[in-house]
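The values are calculated or read from the model by the stated rules, or taken from the named source; none is laboratory data. Please read these numbers as outputs of a predicted model, since none were measured by experiment. Glycine also receives a Cβ, built like all others from the backbone with ideal geometry; neighbour counts cover every protein chain displayed.
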Amino acid sequence: MTELIRNLKRIDQIDALITRVMGRVGPILLTYSIAVIFIWFGLLKVLGISPAQELVENTVYWFNDPADFVVILGFWEMAIGITMCIRPLIRISILLLFLQMPGTFLPLVLLPNVCFTELPVGLTMEGQYIVKNLVLISAALVIGGSVRNGFVKRNHELMN
């Protein structure tokens, strides 16, 4: 029985170590992963080779030249990604992201025939591309929640 207890304690120590490492590394990897996604997807739009080009153009049909809007959106997304990589600018990145996100869901309302195979749950590839933004929004919340804590913790360590 004592051997079992020792093994369980050792497993608990290993688990604590792993979760501490994940707690430290996870937000950093999440931040840069989101940055890469926004820079990459934005660059595709700027270069005119985004698979979402037609979807975006059809969504903003009221724009004088929807293709120009796609390029502007691409630069906006690249700005989100770049500011995400610069710690003092993360709040700006999150603001830009949250200003952009409602527009990403517009095709679900304006172009349901493009986004759904069967309403309300059967998603096309385009619909899946849009709904995955829920993960980006959640990631932004996690990153935003870590900005101040990291700032406070670093300043506290400097003062002691």
Which number in (1) within 19 Å of GLY145 (Cβ to Cβ); (2) surrounded by 14 or more Cβ atoms within 10 Å (Cβ to Cβ); (3) among the aliphatic types (A, V, I, L, M) marks the one condition that ILE39 misses? (1)
Checked region 95-114 for anything buried (at least 17 other Cβ atoms within 10 Å of the Cβ) and farther than 25 Å from SER33 by Cβ; matches are LEU111, VAL114
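Does ILE92 fit the bill of being part of a helix (DSSP H, G or I), under 15 Å from the mean Cα position of the chain (by Cα) and crowded, with 16+ Cβ neighbours inside 10 Å?
no
Just give me the residues in region 33-74 being of a type in the set (Phe, Trp, Tyr) and either under 15 Å from THR104 (Cα atoms) or assigned to a loop (DSSP other than H, G, I, E, B) (or both), in sequence order.
Applying the first criterion (of a type in the set (Phe, Trp, Tyr)) to region 33-74 yields 38, 40-41, 61-63, 69.
Result: PHE38, PHE41, TYR61, TRP62, PHE63, PHE69.
For (1) more than 30 Å from ASN149 (Cα to Cα); (2) among the polar types (S, T, N, Q); (3) under 14 Å from the mean Cα position of the chain (by Cα); (4) modelled with pLDDT under 95, each residue gets a yes or a no:
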residue: ILE82; (1), (2), (3), (4): no, no, yes, no
residue: PRO88; (1), (2), (3), (4): no, no, no, yes
residue: LEU99; (1), (2), (3), (4): no, no, yes, no
residue: LEU108; (1), (2), (3), (4): yes, no, no, no
For GLY122, which of the numbered conditions (1) farther than 23 Å from ILE34 by Cα; (2) surrounded by 14 or more Cβ atoms within 10 Å (Cβ to Cβ); (3) of a type in the set (Gly, Ala, Ser) fails to hold? (2)
